[in-house]
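Structure, as structure tokens:
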Protein chains: 2
Amino acid sequence: MQTQAQDFRQRRQRLAQLYPPPVLIRSGGPARRNPPQAYPFRASSHFLYFAGWNHPHLTVLLTEGRATLFYDQPGVEESIWDGPGPDLDELRAAYGFDEIRPGSEIPDRQVLDPQAPDDLLEAVIQLRLRHDAAARSQLEQAVDMTVRAHFQAMRATRPERREFQILATLLVSVTQEGGSTSFSPIVSRRGEILHNPLYDGTLQRGDLLLVDFGAENREGWAGDLTRTFPVRTTFKPRQAEIYEVVLNAQKAALRECRPGREYREVHRAACLAMTEGLVQLGLLRGDPAELVERGAHALFFPHGIGHLLGLDVHDMEDLGDRAGYAPGRSRSTQFGLQSLRLDRPLEADMAVTVEPGFYWIPQLLENPERLAPFRDCLDLQTIEAYREVRGIRIEDNVLLQEEGARNLSAALPKELQEIEIVVNS
Amino acid sequence: MQTQAQDFRQRRQRLAQLYPPPVLIRSGGPARRNPPQAYPFRASSHFLYFAGWNHPHLTVLLTEGRATLFYDQPGVEESIWDGPGPDLDELRAAYGFDEIRPGSEIPDRQVLDPQAPDDLLEAVIQLRLRHDAAARSQLEQAVDMTVRAHFQAMRATRPERREFQILATLLVSVTQEGGSTSFSPIVSRRGEILHNPLYDGTLQRGDLLLVDFGAENREGWAGDLTRTFPVRTTFKPRQAEIYEVVLNAQKAALRECRPGREYREVHRAACLAMTEGLVQLGLLRGDPAELVERGAHALFFPHGIGHLLGLDVHDMEDLGDRAGYAPGRSRSTQFGLQSLRLDRPLEADMAVTVEPGFYWIPQLLENPERLAPFRDCLDLQTIEAYREVRGIRIEDNVLLQEEGARNLSAALPKELQEIEIVVNS
């Protein structure tokens, strides 16, 4: 279901209630690579949220909930290259613009950008943080599209294929549905490189392939799922052990996802469950709660449990930590916790990712300085034995509800929802 | 065949002969969309040409043909996210760097950018204008990859499919081979919108589909081909007539492609052949040469016959018209000719596109002001009858050689080299 004119109107009216003065929102221009070449245009998420039309160099003025779009139909020269402009009546009807005026009439008003006043930014965050019915429907579509792409990637995975061939199946899946990607995908047999931007690797039997991929649907909403699965199709015993640890950590985190809980408790639940698992396997020694308190788990799980999800995959991070961190809160200085992107109480209609991971990162696990504070609780010989696991992450997208939460990836085919752990022993 | 260290060394030495002082070249950073999200990184073409490594935030210093790369291995924090740095010896060997120094030692030297002194820019243009053996091999690879993608798109085209489904076949083809796109593709049943960025249309029997698509190969070199073909598989009589006119115009232009000829004569040959065809079909009246002189053809063919091709699809247009226009030359003010991107004598080892087109653009052909100067030579009734043709472009990539020229698209399967004109009458 598409977002309707009345949905955009309602968002503007709600903003006017929270922040009465007039506000200008700009769609922005295309990003460029080696000018004059432009990437496909994608309007700023604030603009898409309140005004919907994915078109460059637009400005909309919101005044008491009314929307004036400033737009000039292309002149002859411009329209020869870019085509004729749209029908203005259709434009008004589609996005609920109250008026369309020439660009020369844009007044001098407060612009919504990262430098805007606190109360304006806070009002926008309050709206975009809790997704209305139209936004929830869009998120579902984006996650469904993401699911179908992952399914194709999993089917295409086999020994001797290159990572970019798996990437291709993801891209074709979302493009065929009229979508695109919500961020640069990670498709890697070296899952321990957290932001690996390369797709050069050749898959080998016994590898795990980590796929962190999100679709962006036609209205610009993001999905973001990670699956890690064997090439192909059985786990090695130690891979299976760690996979279960990560899966248990994710389940523990998902159980904490409900309105009123702090998101950092979701993070902590994952850390604790993972640490319990690593203690059981003998990589760590000691009391799990104490180990988490000291940050020992972060040697294996250095990132945060997730982030806000919406029109941006890291929703509203154009505003820094302002959306992710509740007013008055700021990042921890502890390694691991400092990478938590979200520290707020969860509320109904928020959407978040839940994505614990285990990574065998040599720069941490072979680094005397990083290991020093934890000498008493590490079994280095056992840790070494798990090197072949490399990286495992499992990521779902969760919509908070009045009662509990809904895993948006529940539409996944069963084999993707929970990868069957068949061990090749 | 990959570009070798000795190829990069030779380019640097040739630059030092043309411009002796030291020069800094930067790879640049990733373009961003809704910060903090980045597009996949692609180094500046000048950097790729002289230094080869597609990696962000690098600087190379060229001194008397020697290359010093300034590069800092990632620290622990950075390498946790982005992985470990490369082996420096391998790096030296792959790209022929003479030295690798810390980033803190970058000296204050002339930077190669669009504001650099004339003699530096002219030296770089002279090198990149005439492709060395390594560059020619790369261009061939990029065009071959482009050809295979077009072939898949053609096979996938049928009534009721959406344009984005055809786009998907193009993307999957190049991605599966480890490449990407050299520019935002055009895949449209409305070929008359020259820069159509949308892929929303539904293909209908009787449409022509215009596909303007280029691969970028692994080293960053660009292909750029256009084919226009029926959905599916027969032309309507008037589409076929105009297709033949455009094809004849392209053949006439290709015949002019040889060292010593002016590229604007290539353009003119296409304009003349197209005008002859339109006179024969009765859309235009009068002497073709005179009509071209007056610019009447530009009502149907408003753009230039093509552009330089290399590491950029519009090669070196980051320097404006400096590479495209020979020193002392500048753009015409005549409609049509003003859009010619290249006005130089052709030389061996230059690569150019040859891409005439016919477009039924209402903003021109229904515009009394634009038609007024040509009232005496237009048959508006006949023109109206060809409205259904919309847009046809045929584009090949040509490498100039000592004797004549080589059409790099000659590797095309026969059905793509020359689309069989079967008329549904």
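The values are calculated or read from the model by the stated rules, or taken from the named source; none is laboratory data. Quick caveat: nothing in here was measured; it's all calculated off a predicted structure. Note: ideal-geometry Cβ built from the backbone for every residue, glycine included; neighbour counts use all protein chains shown. Ligands, DNA and RNA are excluded from the accessible area calculation, which covers all protein heavy atoms including side chains. Shrake-Rupley method; radii C 1.70, N 1.55, O 1.52, S 1.80 Å.
Numerical summary
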quantity	calculated
Which numbered condition A:Ala67 misses (of (1) buried (at least 21 other Cβ atoms within 10 Å of the Cβ); (2) out of contact with any Asp or Glu (no Cβ under 6 Å at 6 or more places or on another chain))	(2)
Filter pass, B:Ala93 being more than 14 Å from chain A (Cβ to nearest Cβ), hydrophobic (A, V, I, L, M, F, W, C), open to solvent by 50 Å² or more (accessible area, probe 1.4 Å) and in a helix (DSSP H, G or I)	yes
Given (1) in contact with a Leu (Cβ under 9 Å, 6 or more places away or on another chain); (2) at pLDDT below 95; (3) more than 14 Å from chain B (Cβ to nearest Cβ), index of the condition A:Met1 fails	(1)
Which numbered condition B:Ala372 fails, given (1) in contact (Cβ under 8 Å) with a residue 40 or more places away in the chain; (2) assigned to a helix (DSSP H, G or I); (3) aliphatic (A, V, I, L, M)	(1)
Any hit, the range A:159-169, residues being open to solvent by 10 Å² or more (accessible area, probe 1.4 Å) and away from every other protein chain (no Cβ under 14 Å)	yes
Inter-residue pairs, beta-carbon under 8 Å, first at the interface with chain A (Cβ under 10 Å from one of its Cβ atoms) and over 20 Å from B:Leu254 (Cβ atoms) and in the range B:298-317, second in a strand (DSSP E or B) and aromatic (Phe, Trp, Tyr), 6+ apart	B:Pro302/B:Tyr359
Considering residues of the range A:318-367 that are in contact with a strand residue (DSSP E or B) (Cβ under 9 Å, 6 or more places away or on another chain) and at the interface with another protein chain (Cβ under 10 Å from one of its Cβ atoms) only, the residue nearest to B:Pro74 (Cα to Cα)	A:Ile361
Output for the range B:187-206, where each listed residue is more than 25 Å from B:Gly310 (Cα to Cα) and either open to solvent by 10 Å² or more (accessible area, probe 1.4 Å) or under 17 Å from the mean Cα position of the chain (by Cα) (or both)	B:Arg189, B:Arg190, B:Glu192, B:Ile193, B:Leu198, B:Tyr199, B:Asp200, B:Gly201, B:Thr202, B:Gln204, B:Arg205, B:Gly206
Within the range A:178-195, tally of residues that are in contact with a helix residue (DSSP H, G or I) (Cβ under 6 Å, 6 or more places away or on another chain) and facing chain B (nearest Cβ under 8 Å)	3
Residues within the range B:4-28 that are part of a loop (DSSP other than H, G, I, E, B) and either more than 12 Å from every other protein chain (Cβ to nearest Cβ) or open to solvent by 40 Å² or more (accessible area, probe 1.4 Å) (or both), tallied	5
Lone unmet requirement of (1) open to solvent by 20 Å² or more (accessible area, probe 1.4 Å); (2) more than 23 Å from B:Leu120 (Cα to Cα); (3) within 14 Å of chain A (Cβ to nearest Cβ) for B:His57	(2)
Checklist (1) within 29 Å of B:Ser137 (Cβ to Cβ); (2) surrounded by fewer than 17 Cβ atoms within 10 Å (Cβ to Cβ) applied to B:Val354, failing item	(2)
Residue ID - farthest from the other protein chains (Cβ to nearest Cβ), chosen from residues in the range A:66-82 that are assigned to a helix (DSSP H, G or I) and more than 19 Å from A:Pro30 (Cα to Cα)	A:Glu77
Count of residues meeting criterion [in contact (Cβ under 8 Å) with a residue 12 or more places away in the chain and within 8 Å of chain B (Cβ to nearest Cβ)] in the range A:196-211	3
Wholly within the range B:112-198, helices (runs of 4 or more DSSP H) carrying at least 2 residues that are among the hydroxyl-bearing types (Ser, Thr, Tyr) and more than 26 Å from B:Tyr359 (Cβ to Cβ)	B:163-176
Enumeration of residues in the range B:51-65 that are part of a strand (DSSP E or B) and in contact with a strand residue (DSSP E or B) (Cβ under 6 Å, 6 or more places away or on another chain)	B:Thr59, B:Val60, B:Leu61, B:Leu62
